[in-house]
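One structure is given here, and the rest of the page talks about it.
The values are calculated or read from the model by the stated rules, or taken from the named source; none is laboratory data. Everything quoted here is computed from the prediction, not taken from an experiment. Please note: Cβ atoms are built from the backbone with ideal geometry, for glycine as well, and neighbour counts cover all protein chains shown. What goes into the accessible areas is simple: the full protein's heavy atoms, side chains included, and nothing from ligands, DNA or RNA. Shrake-Rupley method; radii C 1.70, N 1.55, O 1.52, S 1.80 Å.
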Amino acid sequence: MTDVATTTATESIDEFAARGRAWLADNMPRVDPDNLPVALRAEQSSWDRAKELQKRLYEGGFAGLCFPREYGGQGLPLAYQKAFTAECRGYEMPLILNVPSLTICAATILDMGTEAQKRERISAAIRGDEILCQLLSEPSGGSDLAGVITRADRVGDKWIINGAKTWSTSAFAADYGLMLARTDWTVPKHQGLTMFLVPLNSPGITMRRIKEVNGNEEFCEEFFDGLELGDDAVVGEVNNGWEVASRQLHHERRAVGGGSEFASGTDSDNAEEMPPDHVAYAEVTGQGDDPAVQALAGRALVRRIVKNQLIDHVGSAIGNGSLPPNAGTLIRLFQAETTELEVDTALAIAGTAGVIDEGEELSGLLDSIGVRYLSRQTGSLGGGSSEMARNVIGERILGFPREFAADKGVPFNQVKRGRT
Ligand SMILES: Cc1cc2nc3c(=O)[nH]c(=O)nc-3n(C[C@H](O)[C@H](O)[C@H](O)COP(=O)(O)OP(=O)(O)OC[C@H]3O[C@@H](n4cnc5c(N)ncnc54)[C@H](O)[C@@H]3O)c2cc1C
């Protein structure tokens, strides 16, 4: 077995960064900044490659930096992760393992899981042996998460699961999923839920890929037909799943907004995630000197800068308690709005070259913008919609009155659903 390096408690951030720099140079593949690799999330090979790279990081002592040591991490403060991430630029990194596996699912298990779940699942994810995913949204809707109708019935000493989940990011590549189910129908909706950690290769689960408008097939839907789980699959307490889900949403908002301490490497090292280069588009289309185009590009660039500042500001304000944990929603909303503005601006500058593939140099730079435009709103849905984010900001941060809910305090089996 390979010896795993650990960080010494007395190592300064600068010393740690220097050690990281040297280790990266010796152990991780370099990437050409002008021709960044694309990790296609719908391809199994991308996940296999990410696991291999994660294993290298783990063996070098540079995986899971902010996770506790007893669960496979290095137990270091965020400043060390930031320093290492800065050193990672120019290297191929297993970025696709960040969301949702490490930043959302492992983070939630760390907060809410049993000792065995933490020791087994978190360390397997950090080692690059396993991938975790989220099984929350259902075909009947995702915004009203507390209204899930997948059921977990107690039969003897087992839980029997029946129902369906959808939009599960990268579930096809995952080993375990955090799945919210209803365990008590006689109490109001938030009180009868339980979170389960589901091994995805179990009998009783049928998984299918969903084909999106841009041709991608990363998302999955799962059907549970008599899936059997034991008590060891329960995360948190039975009927207290809403607390676990709330924690999960908290981590999701921070991860999607770019503010998670459990993320390693930066998305700007993955060509698929790179923000559009508006200035290059203006130049290549001969509009570089057009003041109207410069104004468009400038507006998008300013928004990007403000977003990055906001991530730091809100992240440290949550850390020092001057903003509540829900404030992660501010980052999440601003990130989604910024992405839409950036892609809209890119398409406005590219014009028809953004949608016509003529196989020429001009089109080669611009034709991906049209495809990207098709999925520009994913950031406004994934991790909860922007409308729901505005509700959270209004009600939980600004203290506005809560939205009226007809099902408030009503036992779930008496709540009218659909046509019933
Ligand atoms: C990129 C991406 C990744 C995702 N990954 C996962 C995943 O890994 N696991 C998972 O379980 N799900 C995942 N989802 C699903 C996502 O959580 C849902 O799409 C989201 O919660 C919205 O649910 P819905 O699509 O069912 O829309 P609905 O809930 O049906 O909502 C439809 C519309 O009504 C609006 N609306 C609903 N209720 C209100 C309200 N009270 N006030 C104001 N407006 C309201 C919504 O904002 C939305 O515009 C992902 C989605 C995307 C796009």
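Data table
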read-out	value
So Arg119, is it charged (D, E, K, R), in contact (Cβ under 8 Å) with a residue 24 or more places away in the chain and under 30 Å from Val148 (Cα atoms)	yes
Residues of segment 381-409 satisfying the condition of being within 8 Å of the ligand (Cβ to nearest atom) and part of a helix (DSSP H, G or I)	Ser386, Glu387, Met388, Arg390, Asn391
Neighbours by Cβ (under 6 Å, 6+ apart or cross-chain): first from segment 222-236, under 9 Å from Phe196 (Cα atoms); second assigned to a helix (DSSP H, G or I) and open to solvent by less than 60 Å² (accessible area, probe 1.4 Å)	Val235/Met112; Val235/Val244; Gly236/Met112; Gly236/Val244
Restricting segment 379-401 to residues that are modelled with pLDDT of 90 or more and under 13 Å from Thr339 (Cα atoms), the residue that is farthest from the chain's Cα centre (by Cα)	Ser386
Residue check, Gly113 touching a residue at least 60 places away in the same chain (Cβ under 8 Å), under 23 Å from Thr169 (Cβ atoms), touching a strand residue (DSSP E or B) at 6+ places or on another chain (Cβ under 7 Å) and not polar (S, T, N, Q)	yes
Complete set of residues in segment 187-234 that are under 25 Å from Phe412 (Cα atoms) and polar (S, T, N, Q)	Gln191, Thr194
Criterion violated by Pro37 - all others in (1) at pLDDT 95 or above; (2) within 30 Å of Arg209 (Cβ to Cβ) satisfied	(1)
Spans of helices (runs of 4 or more DSSP H) in segment 1-107 with at least 1 residues of a type in the set (Asp, Glu) and open to solvent by 70 Å² or more (accessible area, probe 1.4 Å)	13-27, 44-60
Qualifying residue in segment 136-144 (condition: over 24 Å from Leu249 (Cβ atoms), polar (S, T, N, Q) and open to solvent by 60 Å² or more (accessible area, probe 1.4 Å))	no
Selected residue [charged (D, E, K, R) and touching a Cys at 6+ places or on another chain (Cβ under 9 Å)] from Lys158, Lys189, Lys165	Lys165
Positions within segment 336-367 being modelled with pLDDT under 90 and either surrounded by fewer than 18 Cβ atoms within 10 Å (Cβ to Cβ) or closer than 27 Å to Glu252 by Cα (or both), in sequence order	Gly351, Thr352, Val355, Ile356, Asp357, Glu358, Gly359, Glu360, Glu361, Leu362, Gly364
Among residues of segment 60-108, those that are small (Gly, Ala, Ser) and either closer than 16 Å to Ala22 by Cα or in contact with a strand residue (DSSP E or B) (Cβ under 9 Å, 6 or more places away or on another chain) (or both), counted	8
Spans of strands (runs of 3 or more DSSP E) in segment 145-245 with at least 1 residues within 15 Å of the ligand (Cβ to nearest atom) and open to solvent by 40 Å² or more (accessible area, probe 1.4 Å)	158-169, 176-182, 205-209, 219-229
Candidates Val306, Val293, Val302, filtered to the one that is open to solvent by less than 50 Å² (accessible area, probe 1.4 Å), among the aliphatic types (A, V, I, L, M), at pLDDT 90 or above and part of a helix (DSSP H, G or I)	Val293
